[in-house]
Amino acid sequence: MVTCAPAAARNASPILDVLKRELPNPCKLAEIGSGTGLHAARANTELPLVEWHPSELPGLVPRLVASLSEAAPEVAERAFALDVDEPADCDGEFDAAFSCNTAHIMSSDSVVRMFDRVDELTRDGAKFLLYGPFILEGRYTSEGNEQFDRHLRAKDPSMGLRKLEDLDQLAALKGFARSRLYGMPSNNLMAVWQR
Ligand SMILES: C[S@@+](CC[C@H](N)C(=O)[O-])C[C@H]1O[C@@H](n2cnc3c(N)ncnc32)[C@H](O)[C@@H]1O
């Protein structure tokens, strides 16, 4: 079994529901910052036509592989090292990219580079789906998110919730336009951009 925080486990089903609606079938997907591989493992049973390639920072790939090796050994084999701050060794082979709860953890500079990596990883027509707590039209979507943002920035001023409109601009620089925005549990959002 893939271990994860209880909140992450609660949000996994609604995330899969959006992925089911949005992803082409079949589809080759790269995930950025997979953590312990919760979504990769769930997708392996619930989205059988999605070839899921999880990734993590190089030093965390062994943990990701170990976590997935029992629940989804074939997905564990596809795990690859990806630090968004470094060029991806890839030539636009993916139909989709997905990342969950990463943009507020990465520095703001790394968020810019995450869009560089999405650009490198994906083909024309691809979708990028990004899940997390965002600032929408200049407002937090909840008091809890505002507190969470303050907490992150006190810990490290380069972390923090991102403005969705800023992410739209980064996406546009790579030829992506936002096609959908889903309200998700716990005042999170799932933004979908398509190229
Ligand atoms: C809050 S965790 C989310 C993990 C997983 N996506 C989930 O939802 O359970 C944030 C993840 O972002 C990854 N991360 C942080 N900086 C990164 C970077 N520069 N490149 C790639 N991943 C990064 C971390 O290693 C961590 O696994």
For Ala88, are the conditions met, namely being closer than 22 Å to Val18 by Cβ, in contact (Cβ under 8 Å) with a residue 24 or more places away in the chain and either surrounded by 22 or more Cβ atoms within 10 Å (Cβ to Cβ) or over 12 Å from the mean Cα position of the chain (by Cα) (or both)? no
Go through region 91-101 and give me each residue that's out of contact with any Cys (no Cβ under 6 Å at 6 or more places or on another chain) and in contact (Cβ under 8 Å) with a residue 40 or more places away in the chain. Glu93, Phe94, Ala97, Phe98, Ser99, Cys100, Asn101
Could you tell me whether region 158-176 includes any residue that is more than 19 Å from Met106 (Cα to Cα) and under 16 Å from the mean Cα position of the chain (by Cα)? yes
Test each condition in (1) within 16 Å of the ligand (Cβ to nearest atom); (2) modelled with pLDDT of 95 or more for Gly175 and report the one that comes out false. (1)
If you scan region 108-136, which residues turn out to be more than 26 Å from Ala12 (Cβ to Cβ), more than 10 Å from the ligand (Cβ to nearest atom) and part of a helix (DSSP H, G or I)? Ser108, Val112, Asp116, Asp119, Glu120
If we keep only residues of region 68-107 that are hydroxyl-bearing (Ser, Thr, Tyr) and within 12 Å of the ligand (Cβ to nearest atom), then the residue nearest to Ala41 (Cα to Cα) is Ser99
Identify, from the list Arg10, Arg42, Arg21, the residue that is over 21 Å from Ala88 (Cα atoms) and free of Cβ contacts under 8 Å to residues at least 12 places away in the same chain. Arg21
Thr36 vs. criteria farther than 22 Å from Asp156 by Cα, within 9 Å of the ligand (Cβ to nearest atom) and touching a helix residue (DSSP H, G or I) at 6+ places or on another chain (Cβ under 9 Å): yes
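The values are calculated or read from the model by the stated rules, or taken from the named source; none is laboratory data. The structure presented is a predicted model; accordingly, all values stated were derived computationally and were not measured. As a convention, Cβ positions derive from the backbone with ideal geometry for all residues, glycine included, and neighbour counts pool all protein chains shown.
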